[in-house]
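The values are calculated or read from the model by the stated rules, or taken from the named source; none is laboratory data. Keep in mind that this is a model prediction, so the values were computed, not measured. Please note: Cβ atoms are built from the backbone with ideal geometry, for glycine as well, and neighbour counts cover all protein chains shown.
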Amino acid sequence: MDRSLLRITPSGAAGLIFAAASFVFLPMVLGSYWLAIFTSAAIFAMAISGVAFMYARLGMVSLTQVGLMGIGGWVTLRLNYLWDMPFEVNMVLAALATMICGWILALPALRMRGLYLALVTLMAAGGLEILFATYQFPNGGEGFWGVKIGSNAPFRRPALAQTPEAYLRYVIVVATLGFLFIEGQRRLFPGRAWALIRRSEAAAMAAGVNVTLYKTWAFGIAGAIAGASGALLAGSLGLLDDGTFRSSESIMLFALAVVGGARFWLGAVIAAVLFRVLPGLLNTWGVDTDLAFVIFGAGLLHALITAPNGIAGQIFDLVANLRGKKGKTHD
Amino acid sequence: MKLKNGLAGAIALGLAFFAGAAFAAPNCGANTGQAATGAPIVVGGIYSNGAPGDWSSSTDAAAAYFACVNANGGINGRPVEYLVEDDQWNPEAASAAAAKLVTDKKAVAMVGNGSFIEMAVNAQTYVDQGIMAMASACAISECFETPNLVSTNQGPLASNLGAAQYAQEELGSKNVACIGLNIPNNGIWACQAVIDYMTSKGGTGSMAMLNPGAPDVNSALLEAVASGADTILLNLPAGLALAVLKAAQEQDLRDSYTWIAPTPLYDLSVPDAVGDYWHGKIWVNAELAPINQGGADGQNWLAVLDAFGKAEDPRDTFSQAGYLSAQFFVKAMMEMDPAQLDDRAAVTAAIKAIKGYSSDLMCGPYYVGDEPYHQPNHAGQMVKVVAGGFEVVRGCYEYDSAYFDRHKAVEKALGLN
């Protein structure tokens, strides 16, 4: 085994401590309203990690992530009503199905870069939005689409997470596994191939890297992560609405990944907090939640002008500077 | 001179206001005229405000009624603290709103809810938490087919059936095209009921669905036209229905079809909004009484809104329904043991025990009961849009559909019919 795979960096240790502390303390201190908000935020943090990893490791802009979450949610709901399998099985199958969709999306997109790739993924998100709006999400009906007229049939939540507190913990565990999976990939051969591809596709090809394979693999990973996130969202609410998976949400998710800092786990957390916790906070204060969009815009300008590594990059730089000064003092 | 005129006008307006207030003093709860000062009783309400419509009319009216109750002795001296959340037509926000009101704020009941989404997300939460939701602008099937939700309004299925029944019986409709939102538990559910009804009467029907996120009203209208229908039913929120009518006016389709609608078009602003072109050509089902019908409760609703609501609060059926839900809730609470007003289980039992409440705003009695389905309101009136308002073309009538058989059986068992 590659020994570097299990090496814990300071940032990684901080991430694991953060996840453990969130797992233990968040459900203990949060009221029901904030439990719902933080559950949603944790789900989207996981989805953001997929889109951020593609941008940070390969420079690929994917504007389909929320649409892919919709696919994961759709598969989860369909399987829930089709067979009596545990939620975990449905979630894994949903992640695999969405991974395949990610691969299919990758094939035409691979010939493009930069703006054109972003546009292709945006068009895919638009197509998914129309599909969801037209066929809706399964609600216990018959046939391929599984939609019946009238009320939704009951949804089976994970056996381990029947209460809101347990479900938040469940989501934190799955999201942490998602982050670790991406980090594991980064440390193994795919990560080295991605680093070479990001530097120069021609150089990567010359070095014998199968560019098509590893780009497709990256799309697949982001898809699987999005699919699992969609499954968790379906598990949280027991149903899904097409309004959640509009293409504009994918754009917003990517923009916030940049604001948070695409290279870092903390960036995904910050992006998810901005995406879901900030509107909840504004709502609690009695302020129109649309104000969040203004704040997002300001955050994006801030990231573009002064913080290419996002807010998380600035925080890690600050910590590094402080540690450096502290070290000098000790010296 | 201008100043003098302005002053005179202001005095006249002031006198008119006081005169109006004297003639239409609202009557709420204990009606003591004394403000309630005890510990507040927490009540929640959830509404939707987001594309494609604002569904806050019912919670606005419920808030006005509770404010009136609080100014008139409250419930056994205790004011109602009415907390309202917007679900933004977003399931996550709807779930968070219910969590906040039901679990964090410990509301004893939900009153006045109006939404397309929250009832689907929260129906099971209401069961699990043992809380009753006395909704008022319910637009989806869960409002009428789950144990802890009861709505004062009829919902699109019943109101559609009322409109289609009138059109079939009085206007000679044989083929109805229903334009609705592409939501399985809303537009499809309610439009399918119309198709089934028309089929049962030897006619036929079809549906044209709109994407609620990006509604293309022209396409839906053309789809309805292409169906070969002789009648077009606008099963939509008022704003979207007006957009369809505008598109139809541009194509001069008015006289080619019979135009009918469920209750969302029954809003005082609609006759002016549609303009002369449509006057006398649109028939609307009113789930509750006509707005200026003159009954004591109908007048009290307007007086409560004038005195305790905002000027911009809509005066529509959903506002009437919000007022009624709040009124019925307060009445049930005032009949309870005062020591149990904070006990959610006792409040839920009291709401489920409601039987035979009446109002001149409703065609029949209001009751709740302990069934896994509730539809106390299944009779309405039919009005026609005319210049300056609405004209009643058919008074209270029961809807002729097998869908209500089980409700009528419950009413019979309760001794209500």
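Figure legend. Inter-residue proximity from region B:78-104: first residues in contact (Cβ under 8 Å) with a residue 24 or more places away in the chain and more than 7 Å from chain A (Cβ to nearest Cβ), second residues among the basic types (K, R) and not in a helix (DSSP H, G or I), beta-carbon distance below 7 Å, spacing 6+ or different chains. Indicated pairs: B:L83/B:K105.
Determine which single condition B:Y166 fails, assuming it passes every other condition in (1) under 30 Å from B:A402 (Cα atoms); (2) within 13 Å of chain A (Cβ to nearest Cβ). Every listed condition holds for B:Y166 apart from (2).
Residue by residue, here is whether (1) surrounded by fewer than 23 Cβ atoms within 10 Å (Cβ to Cβ); (2) within 14 Å of chain A (Cβ to nearest Cβ); (3) closer than 22 Å to B:Q154 by Cβ; (4) without any contact (Cβ under 8 Å) to a residue 60 or more places away in the chain holds:
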{"site": "B:T204", "(1), (2), (3), (4)": "yes, no, no, yes"}
{"site": "B:M207", "(1), (2), (3), (4)": "no, yes, yes, yes"}
{"site": "B:S219", "(1), (2), (3), (4)": "yes, yes, no, yes"}
{"site": "B:L222", "(1), (2), (3), (4)": "yes, no, no, yes"}
{"site": "B:N235", "(1), (2), (3), (4)": "no, yes, yes, no"}
{"site": "B:D252", "(1), (2), (3), (4)": "yes, no, no, yes"}
{"site": "B:T263", "(1), (2), (3), (4)": "no, no, yes, no"}
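Of the residues contained in region A:80-87, one or more are found to be of a type in the set (F, W, Y), without any contact (Cβ under 8 Å) to a residue 24 or more places away in the chain and away from chain B (no Cβ under 14 Å). On the stretch given as region B:395-417, residues that are crowded, with 18+ Cβ neighbours inside 10 Å and either under 30 Å from B:W278 (Cβ atoms) or touching a Gly at 6+ places or on another chain (Cβ under 7 Å) (or both) total 3. Of all the residues that make up region A:111-128, how many are more than 21 Å from the chain's Cα centre (by Cα) and surrounded by 14 or more Cβ atoms within 10 Å (Cβ to Cβ)? Counting residues in region A:111-128 that are more than 21 Å from the chain's Cα centre (by Cα) and surrounded by 14 or more Cβ atoms within 10 Å (Cβ to Cβ) gives 2. One residue stands out among those in region A:1-49 that are in a helix (DSSP H, G or I), β-branched (V, I, T) and loosely packed, with under 14 Cβ neighbours inside 10 Å: the one that is farthest from the other protein chains (Cβ to nearest Cβ), which is A:I17. Only one entry in B:G187, B:G180, B:G213 is at pLDDT below 95, buried (at least 24 other Cβ atoms within 10 Å of the Cβ) and either in contact with a helix residue (DSSP H, G or I) (Cβ under 8 Å, 6 or more places away or on another chain) or over 28 Å from A:R246 (Cα atoms) (or both), namely B:G187. When B:A321, B:A346 are checked against the criterion of being more than 21 Å from B:Y65 (Cα to Cα) and either at pLDDT 95 or above or in a helix (DSSP H, G or I) (or both), a single residue qualifies: B:A346. Of all residues in region A:291-326, those being more than 22 Å from the chain's Cα centre (by Cα) and within 14 Å of chain B (Cβ to nearest Cβ) number 1. Please go through region B:364-393 and pick out each residue that is in contact (Cβ under 8 Å) with a residue 60 or more places away in the chain, part of a loop (DSSP other than H, G, I, E, B) and within 21 Å of B:A137 (Cβ to Cβ). Listed by number, the residues that qualify are B:V368, B:Y373, B:H374, B:Q375, B:P376, B:N377, B:H378.
Residues are listed down the side, and each one gets a yes or a no for (1) more than 11 Å from every other protein chain (Cβ to nearest Cβ); (2) under 16 Å from the mean Cα position of the chain (by Cα):
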site	(1), (2)
A:I225	yes, yes
A:A234	no, yes
A:L240	no, no
A:T244	no, yes
A:L253	yes, yes
A:A257	yes, yes
A:A271	yes, yes
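Within the set A:G150, A:G178, the sole residue that is modelled with pLDDT under 90 and crowded, with 21+ Cβ neighbours inside 10 Å turns out to be A:G150. The strands (runs of 3 or more DSSP E) found wholly in region B:40-129 and carrying at least 1 residues that are touching a Pro at 6+ places or on another chain (Cβ under 6 Å) and either surrounded by 24 or more Cβ atoms within 10 Å (Cβ to Cβ) or not assigned by TED's automatic domain parsing to the domain that holds B:V244 (or both) occupy B:80-86. Each residue in region B:375-389 was checked for being more than 28 Å from B:V274 (Cα to Cα) and touching a Pro at 6+ places or on another chain (Cβ under 8 Å), and 1 pass. Is there a residue being hydroxyl-bearing (S, T, Y) and touching a helix residue (DSSP H, G or I) at 6+ places or on another chain (Cβ under 9 Å) anywhere in region A:104-119? Checked against the condition, which is being hydroxyl-bearing (S, T, Y) and touching a helix residue (DSSP H, G or I) at 6+ places or on another chain (Cβ under 9 Å), region A:104-119 yields at least one hit. The residues of region A:127-160 that are away from chain B (no Cβ under 12 Å), without any contact (Cβ under 8 Å) to a residue 40 or more places away in the chain and within 27 Å of A:Y33 (Cα to Cα) amount to a single one, A:L160.
Considering region A:231-255, the residues that are charged (D, E, K, R) and part of a loop (DSSP other than H, G, I, E, B) include one that is surrounded by the most Cβ atoms within 10 Å (Cβ to Cβ), namely A:D241. Residues in region B:260-270: is at least one part of a helix (DSSP H, G or I), over 14 Å from the mean Cα position of the chain (by Cα), in the same structural domain as B:L234 (by TED's automatic domain parsing) and within 30 Å of B:I232 (Cα to Cα)? Checked region B:260-270: at least one residue is part of a helix (DSSP H, G or I), over 14 Å from the mean Cα position of the chain (by Cα), in the same structural domain as B:L234 (by TED's automatic domain parsing) and within 30 Å of B:I232 (Cα to Cα).
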